[in-house]
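Report on the structure given below.
The values are calculated or read from the model by the stated rules, or taken from the named source; none is laboratory data. If you're wondering where the values come from, they're calculated on a predicted model, not measured in any experiment. In this analysis, Cβ positions are derived from the backbone assuming ideal geometry, glycine residues included, and neighbour counts consider all displayed protein chains.
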Amino acid sequence: MENSPASTGLQHHVRSISLPSWLNPQSVKVEAELSKLKAWERSLVSTLPLSAETIRAGLVGLVDLYNSVQDLILSPVTQKVLLQYQNGILVEETLMGSLRLLDSCSAARDLLLMMKEQVQDLQSALRRKGGDLSIGSSIDVYMSCKKKAKKAVAKCLRELRQMDKKIGPSPLFDVNQHLSMVIRVLREVNSITISVLRSLLLFLAVPVSSTSRVAGH
């Protein structure tokens with residue numbers, strides 16, 4: 001993948017939403033974690049090409065964010081409001097967006113596991129004294145895996161773009177103030193999650209030609 005598409009892919013800005021943090025301490029924590037990830041996202045353009053450490057920092061930040069969101073969702077006041085509005089369209093749409101992101105996370109995890117397995121197989125072949133034929137066969141399998149991974153990455157990126165377009169700021173009329181805040185939080189969390197996953201996928205989309213040169217060496 002060329003640098004320009006990667007740079008374009010990283011031009012994703014999370015919608016800035018000012019949270020009424022005075023409502024409860026959980027929202028303060030969520031806002032703090034979101035701010036950290038926004039700063040991480042802004043730093044991406046200046047750190048191209050992406051490094052494993054940069055991606056790791058984004059994923060760790062995402063874990064911290066979701067832990068704080070869980071505390072917010074499980075708080076008594078949020079649970080009470082969700083029970084009152086559990087059949088509301090806004091709540092359903094927001095939760096469905098989160099579920100779609102879980103599918104994307106699962107796809108990214110499967111991709112990582114597949115690549116890890118193929119790398120381990122290639123390393124084992126290189127350590128064995130089985131001759132060039134064995135090594136060549138392992139390299140062919142690895143390169144085939146890389147091509148499949150590239151297609152999988154492209155598919156996931158398309159799906160993330162589609163999800164990102166659906167996160168738009170819908171009006172929150174006649175909604176409890178606390179629920180309105182929670183919905184805004186979840187939308188913003190979905191948006192930053194898309195940004196982190198997109199960066200991870202772009203990092204995984206290593207050019208086949210570059211990998212070929214390394215393997216050939």
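On inspection, Ser98 qualifies as at pLDDT 75 or above and touching a helix residue (DSSP H, G or I) at 6+ places or on another chain (Cβ under 9 Å).
Within the range 31-79, being touching a helix residue (DSSP H, G or I) at 6+ places or on another chain (Cβ under 8 Å), closer than 13 Å to Ile192 by Cβ and of a type outside the set (A, V, I, L, M, F, W, C) holds for Glu31, Glu33, Lys36, Lys38, Glu41, Gly58, Gly61, Asp64, Tyr66, Ser68. For Thr94, the stated conditions hold: it is in a helix (DSSP H, G or I) and over 15 Å from Leu197 (Cα atoms). Listed by first and then second residue, the pairs linking a residue in the range 33-60 that is of a type in the set (Lys, Arg) to a residue that is part of a helix (DSSP H, G or I) and surrounded by fewer than 17 Cβ atoms within 10 Å (Cβ to Cβ), with Cβ atoms under 8 Å apart and 6 or more places separating them unless they lie on different chains, are Lys36/Asp64. Condition check: in a helix (DSSP H, G or I), loosely packed, with under 13 Cβ neighbours inside 10 Å and at pLDDT 80 or above. Does Leu113 satisfy that? The answer is yes for Leu113.
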